[in-house]
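Taking it in order: structure first as structure tokens, then the write-up.
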Amino acid sequence: MIISNEFYNSWKMPPKAATEILQSTIRSNGRMRKYLEGSVVKAEDIKGKIISVESGNLILKLDDGFVVAHANNGFIIGSLELYSIYSISVMESAIIYECESDVINLSDENEISNAAHKYLTWVMSCLSVRMYILASTDAYLKIKFTLEWLNYSPAIYKESITLIKFICDRTRLSKAHVHMVLKQLKEGGYIEVNNGYLIEIVKKIPDKF
């Protein structure tokens, strides 16, 4: 499966008009909260809530620590998601607004329900591709995908998380196998890595190993 640059660009940019409507609704019906860098927000703390991320960077995890998504400005977290989030790790101090999820889910205003539908369609599109790849038995495809995922992520991820950890936390592959593949890619001049951190993808990564 070949993933285009357009996919990564659309993945990190939720539908603008729909997001703005949802953000405005959440702000006017909820309250502001601040999450400090390094803190962890448990699922029970946001149960029944829907969250608008206004700034910062958050990592969404399942109960075994498996990373399912990143969230920054413009992302909506809560009942619009299709998986059960166990915790949120605060990668970079964030400001969020939260309100009861029923404000969105039970709204009888067409503008809000249409915005929620458009946002959910975007989530489903991104998630279907991601889960298809991460459920694959093709280890190289998983490594290639998460390597490109990191490359398209905000700079703080490349600066704060080693390449091997980033991939292992999102694929459940062994460090030894990931290291072997990355070594070959580095020697082939496809990626630049310094002290374990990805600097950049130098040239298009091969579709097959």
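The values are calculated or read from the model by the stated rules, or taken from the named source; none is laboratory data. All values reported here derive from a predicted model rather than from experimental measurement. Note that we place each Cβ from the backbone using ideal geometry, even for glycine, and neighbour counts take in every protein chain shown.
Looking across GLY30, GLY65, GLY56, one residue alone is over 25 Å from GLU148 (Cβ atoms) and of a type in the set (Gly, Ala, Ser). It is GLY30. For the condition surrounded by fewer than 20 Cβ atoms within 10 Å (Cβ to Cβ), outside the structural domain of PHE75 (by TED's automatic domain parsing), at pLDDT 95 or above and within 16 Å of ALA69 (Cα to Cα), LYS165 qualifies. Are there any pairs with C-beta distances below 8 angstrom linking a residue in the stretch 58-85 that is in the same structural domain as ALA18 (by TED's automatic domain parsing) and within 17 Å of MET131 (Cα to Cα) to a residue that is surrounded by fewer than 14 Cβ atoms within 10 Å (Cβ to Cβ) and at pLDDT 90 or above, with the two at least 6 apart or on different chains, and if so which? Qualifying pairs under 8 Å: PHE66/ARG172. Considering (1) in a helix (DSSP H, G or I); (2) in contact with a Ser or Thr (Cβ under 8 Å, 6 or more places away or on another chain); (3) buried (at least 19 other Cβ atoms within 10 Å of the Cβ), the lone condition that CYS126 does not fulfil carries the number (3).
Scanning the stretch 183-195 for residues that are of a type in the set (Val, Ile, Thr), more than 20 Å from LEU62 (Cα to Cα) and in contact with a Lys or Arg (Cβ under 8 Å, 6 or more places away or on another chain) turns up at least one hit.
Does HIS117 satisfy the criteria of being part of a helix (DSSP H, G or I), farther than 16 Å from ILE59 by Cβ, over 17 Å from the mean Cα position of the chain (by Cα) and assigned by TED's automatic domain parsing to the domain that holds ILE26? Against the criterion (part of a helix (DSSP H, G or I), farther than 16 Å from ILE59 by Cβ, over 17 Å from the mean Cα position of the chain (by Cα) and assigned by TED's automatic domain parsing to the domain that holds ILE26), HIS117 qualifies.
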